1. Restricting to region 125-160, count the residues that are over 25 Å from Ala37 (Cα atoms) and part of a loop (DSSP other than H, G, I, E, B).
2. Write out, first by first residue and then by second, each pair whose Cβ atoms fall under 7 Å of each other, whose residues are 6+ apart or on separate chains, and whose first residue, in region 91-115, is among the polar types (S, T, N, Q) while the second is surrounded by 20 or more Cβ atoms within 10 Å (Cβ to Cβ) and assigned to a strand (DSSP E or B).
3. Let me confirm something: among Arg188, Arg168, which residue is closer than 29 Å to Pro108 by Cβ and not hydrophobic (A, V, I, L, M, F, W, C)?
4. Has region 196-216 got at least one residue that is under 18 Å from Ile64 (Cβ atoms), under 18 Å from the mean Cα position of the chain (by Cα) and not polar (S, T, N, Q)?
5. If we scan region 82-91, do we find a residue that is touching a His at 6+ places or on another chain (Cβ under 9 Å) and not in a loop (DSSP other than H, G, I, E, B)?
6. Pull out all pairs, ordered by first then second residue, where Cβ-Cβ is under 7 Å, the residues are six or more apart or on different chains, the first lies in region 52-69 and is assigned by TED's automatic domain parsing to the domain that holds Leu38 and at negative phi, and the second is part of a strand (DSSP E or B) and basic (Lys, Arg).
7. Determine which single condition Gly111 fails, assuming it passes every other condition in (1) at pLDDT below 95; (2) buried (at least 20 other Cβ atoms within 10 Å of the Cβ); (3) in the same structural domain as Leu214 (by TED's automatic domain parsing).
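The values are calculated or read from the model by the stated rules, or taken from the named source; none is laboratory data. In this text, all values refer to a predicted model and were calculated from it rather than measured experimentally. Glycine gets a Cβ as well: all are built from the backbone with ideal geometry, and neighbour counts include every protein chain shown.
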Amino acid sequence: MSLDASTSVRAEEADEAASDSITEPRNHRTQNNTSQALSVRFDNVCRAFPGKNSNEPHVVLKDITLDVVPGEVLAILGPSGSGKSTLLRAASGLDAPTRGTVLIDGTPVNGIDDRCAVAFQEPRLLPWQNIHKNVELGLPQGTPKAEAQERVRRLLELVELDDYAHLRPREVSGGMAQRTSLARALARRPGVLLLDEPFGALDALTRLKMQDLLLQVHEAHPTTVLLVTHDVDEALQLADRIVVLGRKPRETAASVAHVFTVPGDRPRNRSDEQLGRMRLTLLSGLGVDTHRH
């Protein structure tokens, strides 16, 4: 079932219940100082790559216009190959749009942007360095030594790794390695934190714990977060809003199909009925038979 296909009666009812949630971005609820958090705007962003077997370009994204307010957590959902990671790369400056502009705090992104930090699905730690040194790598150049040591100490404490700082990546679990990656990303105090399926390789229990940890980290460091995930439940737990990317029939390029505002303050009750109805809506929009889930 495509994003534009007819949905089941249950999904239609869920869509009606969630209709009030399709809104403009709201201000982030965290009461902490959000002065570091920066806005992000995708202005008519398109991305095309050379075609493999023809002169026609392969268009992955088209006409993406989206505003993310400072301090917001925005989850990006979509089928595989719909350009979710490509959108994140454009925001970080690791890639550039074929057309359109990405702006952070009103200023265009032009090359790798030090206002952003990225955490990937793989921790990508240096195996010959210990946990402390790997986090230290995220600090901006020129950070005074005393300040650097204190910042790393606080981050390790925040992600509950202060007792393991001396260990190397091979000596810690996958969840601990991912926590190290998150702390390293936060070390530069980014205005925008880009997370590309950061918990996708973890087991189910560790993944739930990491979701809770991310909420704690965001409470302490309320930066703007763009989170790419395939997990609908993860998006519902973590995000203020959820963007669904999808393709129209007979088109290869994805665009924004739906934007939902998630009801309720975080942390949310995973068994909440309203979230359950929104879950059905999201799954249906992603082409999943909601009678089986």
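1. 6
2. Ser92/Cys116; Ser92/Val118; Ser92/Leu194; Thr98/Arg47
3. Residue meeting the stated conditions: Arg188.
4. yes
5. yes
6. Val60/Arg47; Leu61/Arg47; Asp67/Arg41
7. Tallying (1) at pLDDT below 95; (2) buried (at least 20 other Cβ atoms within 10 Å of the Cβ); (3) in the same structural domain as Leu214 (by TED's automatic domain parsing), Gly111 fails exactly one: (2).
For (1) farther than 11 Å from Ala119 by Cβ; (2) outside any strand (DSSP E or B); (3) modelled with pLDDT under 95; (4) in contact with a Phe, Trp or Tyr (Cβ under 7 Å, 6 or more places away or on another chain), each residue gets a yes or a no:
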{"position": "Arg207", "(1), (2), (3), (4)": "yes, yes, yes, yes"}
{"position": "Leu215", "(1), (2), (3), (4)": "yes, yes, yes, no"}
{"position": "His258", "(1), (2), (3), (4)": "yes, no, yes, no"}
{"position": "Pro263", "(1), (2), (3), (4)": "yes, yes, yes, no"}
